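Peer 1: Following this message is one structure expressed as C-alpha cells.
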Amino acid sequence: MKPDSELISLLSLVDDNDHFVRDAVRERLVARGDETIEQIERYWLPELPDDKKYIFQDYIEELKADIAFEKFESLLKSPQPQLDKGLFLITKIADISAEETIFFPALERLINELNSEVSEDKTPFENIKIFNYVFFKRFSFHHTDTHMTMEESALIDRVILSRGGNPVSITLAYFLLARAVGLPIYPLCFTGGFVPVYLTNEGQILFYLNIFKQGSIFPEDTLIQFFQDIGIEYNPDTLKIEEERALVAIYAEMLGYIFRNNGKNEVYEKMEKISDILGGVKFL
C-alpha cells in the first residue's frame, strides 16, 4: 500500500521549523503504527537524497521505538502482562533491530519441543527434571557473560537464538519457557535479586530452583546457603512471590544497567521510564 494523502502531508512536515508541528507529526505517525513505518521505508525513504536519508533513518528508528513503547503501555493495562510480548516489546524499545517475525517463531519451536516432553501426567519433580535436561542439555542454554557487560548476552531475542546469556537473561528465558509449557514457576523476589520457585496448586512453595546449577532443586532449609552462594544477606521479611509484571521489571532494570554502563544513556533513560511505569521496584 502506497502512502495515502495524510501520510504524504505528514512527511512534508517532518522537518518543519516549528517544533510544535514536528511533535504533532511525530505523535500522529506513532499513532498510525507499524504499517505506516513500512510504507515510509518502502516508498518514501529510498527517494530521499543520501544526506537526508541518513538523518531520516534515525528518525524512523525513533518512531519504531515509540510505537513499541505505546504497545508496551497498552500491554500493561493487564495486571499481569503476557510475558513473551512484554519481554519482546522491551527488547524492541532498547534495540529496534529486534524482529518479532524472528523471535516468536524461534520461541515457538522451543515451546513445541518442551510440550512434547512435559505433561500433567508426570509429577512436579519429574517435569522439572525433564525441563532442566531439555533446557540446559538439549537446547544448551548457558551463561556467557557473568559480569553482565554485553548487550548481546542481555537482549532476550539474542539469547533465545544463541542460547547464551548473562545470569539474569538466562533465568528470564527459563521462566519464559517454563511458564509457556504450564509449569508453575514464579520469581521469589527480595532486595537484590530473585530465585525461581515451583508452586503447588494452593500457591505454596514446593521447592526452589538454582539456575546457576542447571536448575537443581533445593529445599527451604538450604535457602540460606543459596543466599550465601550468591553473596546476599538472607532476610525472610523481604521475600515475596511475584508474577509476570515483576519479571518484565527485572528485564528492564537489567537492560538499563547494561546500556548505562556502555554509555548508551538514551536507552537507559527509556528503561528507567519503564521501571517507573512498573512501580519503580528495584530487584538488582
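The values are calculated or read from the model by the stated rules, or taken from the named source; none is laboratory data. None of these values were measured; they are calculated from a predicted model. Using ideal geometry, Cβ is built from the backbone for each residue, glycine included, and neighbour counts are taken over all protein chains shown.
Peer 1: Counting only residues that are touching a strand residue (DSSP E or B) at 6+ places or on another chain (Cβ under 7 Å) and not in a helix (DSSP H, G or I), how many does region 208-234 have?
Peer 2: The qualifying residues number 10.
Peer 1: For LEU76, indicate whether it is in contact with a helix residue (DSSP H, G or I) (Cβ under 7 Å, 6 or more places away or on another chain), modelled with pLDDT under 95 and under 24 Å from TYR268 (Cα atoms).
Peer 2: So LEU76 passes the test.
This table checks each residue for (1) over 26 Å from ILE170 (Cβ atoms); (2) of a type in the set (Phe, Trp, Tyr); (3) out of contact with any Lys or Arg (no Cβ under 7 Å at 6 or more places or on another chain).
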{"position": "ILE37", "(1), (2), (3)": "yes, no, no"}
{"position": "GLU61", "(1), (2), (3)": "yes, no, yes"}
{"position": "LEU76", "(1), (2), (3)": "no, no, yes"}
{"position": "VAL118", "(1), (2), (3)": "no, no, yes"}
{"position": "THR144", "(1), (2), (3)": "no, no, yes"}
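Conditions (1) modelled with pLDDT under 95; (2) within 24 Å of GLU269 (Cα to Cα), marked per residue:
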| site | (1), (2) |
| --- | --- |
| VAL159 | no, yes |
| GLY192 | yes, yes |
| VAL195 | yes, no |
| GLY231 | yes, no |
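Peer 1: Output the residues belonging to region 140-166 that are buried (at least 18 other Cβ atoms within 10 Å of the Cβ) and touching a His at 6+ places or on another chain (Cβ under 9 Å).
Peer 2: Selection gives SER153, GLY164, GLY165, ASN166.
Peer 1: Kindly check whether there is at least one residue in region 235-258 that is at pLDDT 95 or above and in a loop (DSSP other than H, G, I, E, B).
Peer 2: There is no residue in region 235-258 that is at pLDDT 95 or above and in a loop (DSSP other than H, G, I, E, B).
Peer 1: Another question, if that's okay. Between ALA98, ALA106, ALA68, which is within 23 Å of ALA180 (Cβ to Cβ), assigned to a helix (DSSP H, G or I), touching a helix residue (DSSP H, G or I) at 6+ places or on another chain (Cβ under 8 Å) and assigned by TED's automatic domain parsing to the domain that holds THR200?
Peer 2: Sole residue among the options that is within 23 Å of ALA180 (Cβ to Cβ), assigned to a helix (DSSP H, G or I), touching a helix residue (DSSP H, G or I) at 6+ places or on another chain (Cβ under 8 Å) and assigned by TED's automatic domain parsing to the domain that holds THR200: ALA106.
Peer 1: Filter region 26-47 for residues that are of a type in the set (A, V, I, L, M) and surrounded by fewer than 14 Cβ atoms within 10 Å (Cβ to Cβ) and give the result.
Peer 2: The answer is ALA31, and nothing else.
Peer 1: Look at region 35-54 and say how many of its residues are of a type outside the set (Asp, Glu) and in contact (Cβ under 8 Å) with a residue 12 or more places away in the chain.
Peer 2: 7
A quick yes/no check of all residues on (1) of a type in the set (Asp, Glu); (2) in contact with a strand residue (DSSP E or B) (Cβ under 6 Å, 6 or more places away or on another chain); (3) surrounded by fewer than 22 Cβ atoms within 10 Å (Cβ to Cβ); (4) closer than 20 Å to GLN82 by Cβ:
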{"site": "VAL248", "(1), (2), (3), (4)": "no, no, no, yes"}
{"site": "LEU255", "(1), (2), (3), (4)": "no, no, no, yes"}
{"site": "ILE258", "(1), (2), (3), (4)": "no, no, no, no"}
{"site": "GLY263", "(1), (2), (3), (4)": "no, no, yes, no"}
{"site": "ASP276", "(1), (2), (3), (4)": "yes, no, yes, no"}
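Peer 1: Restrict the check to region 124-142 and report whether at least one residue is touching a residue at least 40 places away in the same chain (Cβ under 8 Å), in the same structural domain as ALA180 (by TED's automatic domain parsing) and assigned to a loop (DSSP other than H, G, I, E, B).
Peer 2: Checked against the condition, which is being touching a residue at least 40 places away in the same chain (Cβ under 8 Å), in the same structural domain as ALA180 (by TED's automatic domain parsing) and assigned to a loop (DSSP other than H, G, I, E, B), region 124-142 yields no hits at all.
Peer 1: Collect the residues in region 130-148 that are at pLDDT below 95 and hydroxyl-bearing (Ser, Thr, Tyr), keeping them in residue-number order.
Peer 2: Within region 130-148, THR144, THR146 qualify.
Peer 1: Quick check: anything in region 205-213 of a type outside the set (Gly, Ala, Ser), under 18 Å from ALA154 (Cβ atoms) and under 21 Å from the mean Cα position of the chain (by Cα)?
Peer 2: yes
Peer 1: On to the next question. Being outside the structural domain of VAL267 (by TED's automatic domain parsing), surrounded by fewer than 12 Cβ atoms within 10 Å (Cβ to Cβ), modelled with pLDDT under 85 and among the charged types (D, E, K, R) narrows it down to one of ASP50, ASP23, so name that one.
Peer 2: Only one candidate qualifies: ASP50.
Peer 1: Go through (1) over 18 Å from ILE160 (Cβ atoms); (2) at pLDDT 90 or above and name the single condition ILE102 misses.
Peer 2: Single failed check for ILE102: (1).
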